[in-house]
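I have placed the structure first, in the form of structure tokens, so that the comments after it can refer back to it.
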Amino acid sequence: MSGAAQQQAEPAAAASLAGATAAGSTPPAAVIRNARHRPSTLKLCYHLAVSNSLYLLLAPFAAALAHRLSRHPLPALAAAARSALAANPPLAAALLALAAVLATVYLARRPRAVYLLDFACYKPGPEHVVTRERFMRQSAAAGVFTDENLAFQRKILERSGLGQETFFPRAVLAAPPNPCMAEARAEAEAVMFGAIDQVLAKTGVRPRDIGVVVVNCSLFNPTPSLSAMIVNHYKLRGNVASYNLGGMGCSAGLISIDLAKQLLQVHRNTYALVVSMENITLNWYWGNNRSMLMSNCLFRMGGAAVLLTNRGGAARRRAKYQLVHTVRTHQGADDRAYRCVFQEEDAAGRVGVALSKDLMAVAGEALKTNITTLGPLVLPMSEQILFLASLVGRRVFGLRALRPYLPDFKMAFEHFCIHAGGRAVLDTIERNLGLSAWHMEPSRMTLYRWGNTSSSSLWYELAYTEAQGRVRRGHRAWQIAFGSGFKCNSAVWRALRDVDPAEEKVGNPWVDEIHRFPVEVPKVESVIVTDGAAPEPEPAASS
């Protein structure tokens with residue numbers, strides 16, 4: 001842009017911003033840039049030295065062997081091997097049989113690779129947009145919340161980290177609200193079919209080629225099931241293996257991925273469709289128990305569809321990611337963990353999901369257990385050596401002043417997708433894992449733009465990473481989710497190719513508006529609701 005044009009544009013932009021503020025709408029947040037985290041030079045040198053230590057140790061032996069073999073021509077070595085085998089036919093037969101047995105055992109026991117062809121996240125229409133002010137007006141108009149609890153909800157919203165363009169289903173936004181089975185089915189169909197249509201369009205897979213369907217939705221489980229809705233709508237084949245997971249909380253998306261992975265070890269050359277969502281319509285809480293009101297303030301409408309396959313060849317070449325590890329940990333044997341997210345009736349008989357004050361402590365313990373299992377699978381040897389040295393120093397030599405070493409998971413992963421359950425959850429994990437603002441950006445922006453979409457939030461976060469053009473071949477992504485029970489689940493993906501944002505026009509809800517992110521999210525954002533029916537601010541343009 002020329003200097004003159006820029007001088008003309010700046011006053012116009014300022015006038016537009018001032019006009020928007022005067023009109024009562026929220027001005028768009030300023031775009032920021034988080035610097036990408038890079039390890040220190042000393043740590044990087046140490047990591048490279050340890051990671052390549054085997055090659056460094058074997059190099060002298062390889063050089064000596066190569067020097068010795070160089071004295072003998074290759075044809076002479078081949079002739080000597082043939083003569084030795086010809087002189088001892090039983091030995092040759094035994095070696096061939098042993099090689100055949102070992103190859104058969106390896107091929108039979110080797111797990112089939114599971115690839116992620118593509119995924120799509122549902123983006124509701126503008127009629128579903130709910131600002132913080134509209135949320136408060138809807139809550140006040142319901143006539144069931146006390147003034148104290150309306151003030152409580154406003155306080156939660158102001159500190160939630162949610163923005164002005166999250167989404168609610170039609171039934172909750174209606175005046176008066178209309179929570180009924182028909183509306184709940186309509187919401188489920190819109191979310192599921194919207195995401196599935198997009199992922200099928202992106203991959204070109206025909207519905208009749210899908211052999212496995214796994215759907216997870218914690219709080220809405222009608223009859224026929226949600227998976228049956230999909231089978232009926234897309235006319236899937238009669239022998240499709242369909243599963244419907246309910247009541248498993250926000251971590252159910254990774255449970256579904258793990259279940260699909262296990263099913264793909266049995267069903268050969270097929271596709272597995274995984275759909276993750278939550279239903280808001282019938283699960284809005286209409287009472288005054290504050291531990292149950294939290295979910296009203298945080299949960300929003302959304303869902304995702306993921307297409308996995310165990311096919312090789314062309315399917316592998318088209319795939320985006322390979323599933324490397326899934327780790328599931330369950331703390332349900334502990335009563336405190338079991339009850340920290342609990343659906344029950346309040347004193348007035350209204351059903352809601354109560355969030356315990358122990359939630360963050362339980363989540364921290366579950367995360368520790370999960371990474372204790374995951375760490376040896378993914379951490380480079382350089383980090384494992386440091387952790388072992390710290391452990392030996394404290395427990396063997398009694399060096400209590402030596403602080404326990406927290407492994408640097410940034411050396412194992414390029415991307416982190418942490419369930420956007422709330423600002424407190426993200427703050428705790430950022431602090432415990434020592435992550436940077438750049439690593440936390442996908443999770444914080446997902447919470448800001450979409451709210452807590454339950455099990456599907458991980459896919460909005462990965463979609464954000466793709467829309468920013470950050471995914472390169474060989475990159476590793478770690479998805480972490482927490483759920484009722486209490487569970488902490490992880491999935492590790494390796495990118496098989498570069499992901500070009502220009503090719504993500506379908507199924508990626510961020511692409512048309514990624515230029516507006518990331519933004520700085522204030523610790524507190526005031527929610528001012530006027531008594532009159534003020535007009536709703538228009539949602540920001542998507543392009």
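The values are calculated or read from the model by the stated rules, or taken from the named source; none is laboratory data. Note that this is a predicted model, so its numbers are computed, not measured. Every residue, glycine as well, gets a Cβ built from its backbone with ideal geometry; the counts of neighbours run over all protein chains shown. Heavy atoms of the whole protein, side chains included, go into the accessibility calculation; ligands, DNA and RNA do not. Shrake-Rupley method; radii C 1.70, N 1.55, O 1.52, S 1.80 Å.
Quick one: which residue in 172, 199 is touching an Asp or Glu at 6+ places or on another chain (Cβ under 7 Å), surrounded by 20 or more Cβ atoms within 10 Å (Cβ to Cβ) and part of a helix (DSSP H, G or I)? If you could, list the steps in order and put the result at the bottom.
Details: 172 fails: touching an Asp or Glu at 6+ places or on another chain (Cβ under 7 Å).
The match here is 199.
Taking residues in segment 228-252 that are aromatic (Phe, Trp, Tyr), and partners anywhere that are part of a helix (DSSP H, G or I) and surrounded by fewer than 17 Cβ atoms within 10 Å (Cβ to Cβ), the pairs with Cβ atoms closer than 9 Å and at least 6 places apart or on different chains are 234/208. Across segment 181-199, not a single residue is classified as within 18 Å of residue 529 (Cβ to Cβ) and within 20 Å of the chain's Cα centre (by Cα). Determine, yes or no, whether residue 402 is surrounded by fewer than 23 Cβ atoms within 10 Å (Cβ to Cβ) and either in contact with a strand residue (DSSP E or B) (Cβ under 8 Å, 6 or more places away or on another chain) or under 24 Å from residue 307 (Cα atoms) (or both). Against the criterion (surrounded by fewer than 23 Cβ atoms within 10 Å (Cβ to Cβ) and either in contact with a strand residue (DSSP E or B) (Cβ under 8 Å, 6 or more places away or on another chain) or under 24 Å from residue 307 (Cα atoms) (or both)), residue 402 does not qualify. Among the residues of segment 28-53 satisfying the criterion of being free of Cβ contacts under 8 Å to residues at least 60 places away in the same chain and in a loop (DSSP other than H, G, I, E, B), which is nearest to the chain's Cα centre (by Cα)? Applying the filter and picking the extreme gives 38.
All conditions but one from (1) under 54 Å from the mean Cα position of the chain (by Cα); (2) more than 30 Å from residue 380 (Cα to Cα) apply to residue 64; the one that does not is (2).
Out of 102, 56, which single residue is out of contact with any strand residue (DSSP E or B) (no Cβ under 7 Å at 6 or more places or on another chain), assigned to a helix (DSSP H, G or I), at pLDDT below 80 and of a type outside the set (Asp, Glu)? Spell out the reasoning first.
Working: 102 fails: at pLDDT below 80.
None of the others qualify; the one that does is 56.
Checked against the criterion of being open to solvent by 10 Å² or more (accessible area, probe 1.4 Å) and of a type outside the set (Val, Ile, Thr), the candidates 304, 348 yield just one match: 348.
Criterion first (in contact (Cβ under 8 Å) with a residue 12 or more places away in the chain and either open to solvent by less than 70 Å² (accessible area, probe 1.4 Å) or at negative phi (or both)) does residue 394 satisfy it? Walk me through it before giving the result.
Details: in contact (Cβ under 8 Å) with a residue 12 or more places away in the chain: no; either open to solvent by less than 70 Å² (accessible area, probe 1.4 Å) or at negative phi (or both): yes.
No: the conditions fail for residue 394.
Residues 191, 144, 212, 130: which one is more than 30 Å from residue 257 (Cβ to Cβ), in contact (Cβ under 8 Å) with a residue 24 or more places away in the chain and in contact with a Phe, Trp or Tyr (Cβ under 8 Å, 6 or more places away or on another chain)? Please lay out each step first, then the result.
On the way: 191 fails: more than 30 Å from residue 257 (Cβ to Cβ); 212 fails: more than 30 Å from residue 257 (Cβ to Cβ); 130 fails: more than 30 Å from residue 257 (Cβ to Cβ).
Only one candidate qualifies: 144.
Looking across 153, 138, one residue alone is within 17 Å of residue 285 (Cα to Cα), surrounded by 11 or more Cβ atoms within 10 Å (Cβ to Cβ) and in contact with a Ser or Thr (Cβ under 9 Å, 6 or more places away or on another chain). It is 153.
Counting only residues that are open to solvent by 30 Å² or more (accessible area, probe 1.4 Å) and either in a loop (DSSP other than H, G, I, E, B) or small (Gly, Ala, Ser) (or both), segment 487-500 holds 3 of them.
From the set of residues in segment 430-471 that are basic (Lys, Arg), modelled with pLDDT of 95 or more and assigned to a helix (DSSP H, G or I), which is nearest to residue 217 (Cα to Cα)?
Of the residues in segment 430-471, the ones basic (Lys, Arg) are 431, 444, 449, 470.
Okay, now just the ones that are also modelled with pLDDT of 95 or more, so 444, 449, 470.
Okay, now just the ones that are also assigned to a helix (DSSP H, G or I), so 444, 449.
On the way: 444: 23, 449: 21 Å.
Here the residue is 449.
Within segment 231-252, restricting attention to residues that are part of a loop (DSSP other than H, G, I, E, B) and over 21 Å from the mean Cα position of the chain (by Cα), the residue that is surrounded by the fewest Cβ atoms within 10 Å (Cβ to Cβ) is 238.
Going by the conditions given, is residue 440 free of Cβ contacts under 8 Å to residues at least 40 places away in the same chain, of a type outside the set (Val, Ile, Thr) and closer than 30 Å to residue 524 by Cβ?
Against the criterion (free of Cβ contacts under 8 Å to residues at least 40 places away in the same chain, of a type outside the set (Val, Ile, Thr) and closer than 30 Å to residue 524 by Cβ), residue 440 qualifies.
Might you let me know whether segment 320-327 holds any residue that is more than 23 Å from residue 444 (Cα to Cα), surrounded by 17 or more Cβ atoms within 10 Å (Cβ to Cβ), of a type in the set (Val, Ile, Thr) and in contact (Cβ under 8 Å) with a residue 40 or more places away in the chain? Looking through segment 320-327, at least one residue is more than 23 Å from residue 444 (Cα to Cα), surrounded by 17 or more Cβ atoms within 10 Å (Cβ to Cβ), of a type in the set (Val, Ile, Thr) and in contact (Cβ under 8 Å) with a residue 40 or more places away in the chain.
Which residue is most open to solvent (accessible area, probe 1.4 Å), if the candidates are limited to segment 334-345 and must be among the charged types (D, E, K, R) and more than 21 Å from residue 287 (Cα to Cα)? Step by step, filter segment 334-345, then rank; the result is 335.
If you go through segment 84-115 and pick out every residue that is open to solvent by less than 80 Å² (accessible area, probe 1.4 Å) and touching a residue at least 40 places away in the same chain (Cβ under 8 Å), you end up with 4. Of all residues in segment 501-511, those that are open to solvent by 30 Å² or more (accessible area, probe 1.4 Å) and either at pLDDT 95 or above or touching a helix residue (DSSP H, G or I) at 6+ places or on another chain (Cβ under 8 Å) (or both) total 3.
I want to confirm something. Restricting to segment 389-432 and keeping residues that are within 30 Å of residue 448 (Cβ to Cβ) and of a type in the set (Val, Ile, Thr), which single residue is farthest from the chain's Cα centre (by Cα)?
Just the residues of segment 389-432 that are within 30 Å of residue 448 (Cβ to Cβ), to begin with: 406-432.
Add one more test, that the residue is of a type in the set (Val, Ile, Thr), and what stays is 418, 425, 428-429.
Working: 418: 6, 425: 14, 428: 17, 429: 14 Å.
Per the stated criteria, the residue is 428.
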